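Single-structure report; data block below.
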Amino acid sequence: MHPEEGFTPRHAVTVSPAALAYARAFAEAIGSVQGGSQVVAFDWSNSVSVKDGPDAPERHLGPCLMLAAYQRRDIPPEVLRFAGGLEFAVKIPASVWSMSAQKLIDRDDGCYFKLALR
């Protein structure tokens with residue numbers, strides 16, 4: 001799959017104010033500014049493993065939602081969104097977002113990457 005494929009249509013899922021604030025803080029941390037070369041995205045992964053340190057064992061988290069930054073040139077303009085002072089995209093497979101009850105991305109501090117699809 002090419003990086004520009006798989007982005008979620010604009011109105012398929014909504015994003016809570018708490019998730020937008022979390023993503024805005026991420027954008028500021030990576031230096032992503034409005035109209036810059038990078039765009040923040042809510043990004044789904046089917047399988048994630050993490051290590052809490054170089055000597056720590058690997059932990060399998062399974063599928064999850066996280067934040068990512070994509071090069072603007074890799075995102076189709078028709079999927080870009082602007083809300084809460086943030087330009088962003090969403091990249092969640094239709095097979096995942098279509099099964100969510102509320103079709104809502106929300107902040108959830110109980111999740112490893114602090115995001116949940118409800």
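What follows is calculated from the coordinates using simple rules that are stated; it is not laboratory data. This structure is a prediction, so every number in the text was calculated from the model and none was measured. Here the Cβ is made from the backbone with ideal geometry for all residues, glycine too, and neighbour counts use every protein chain on show.
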Full-extension gain between Val48 and Ser100, please, as 0.36 nm times their residue separation minus the C-alpha to C-alpha distance.
16.8 nm
Computed over the Cα atoms of the range 15-72, what is the convex hull's projected area averaged over all directions, in nm²?
5.1
Just for the chain, what percent of DSSP beta bridges are antiparallel, to the closest 5?
75
Length-normalised contact order of the chain, Cα under 8 Å, at least 6 apart, in percent, tallies to 35
Could you give the angle, 0 to 90 degrees to the nearest 10, between helix 17-30's Cα long axis and the longest principal axis of the Cα atoms of the chain?
90
Taking every pair of alpha-carbon atoms in the chain, give the share separated by more than 22 Å as a whole percent.
33
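Assigning unit charges at the beta carbon (Lys, Arg +1; Asp, Glu -1) and nothing else, what dipole magnitude in debye, to the nearest 20, does the chain show about its Cα centre?
I would put it at about 280 debye.
Using the count of nearby Cβ atoms within 10 Å as a rough guide to exposure, how do Asp74, Asp55, Asp109 rank from fewest to most? Numbers along the way, then the final one.
Details: Asp74 15, Asp55 6, Asp109 9.
So the residues, fewest neighbours to most, are Asp55, Asp109, Asp74.
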Summed residue charge, Cβ within 9 Å of Tyr22's Cβ, Lys/Arg positive, Asp/Glu negative:
+3
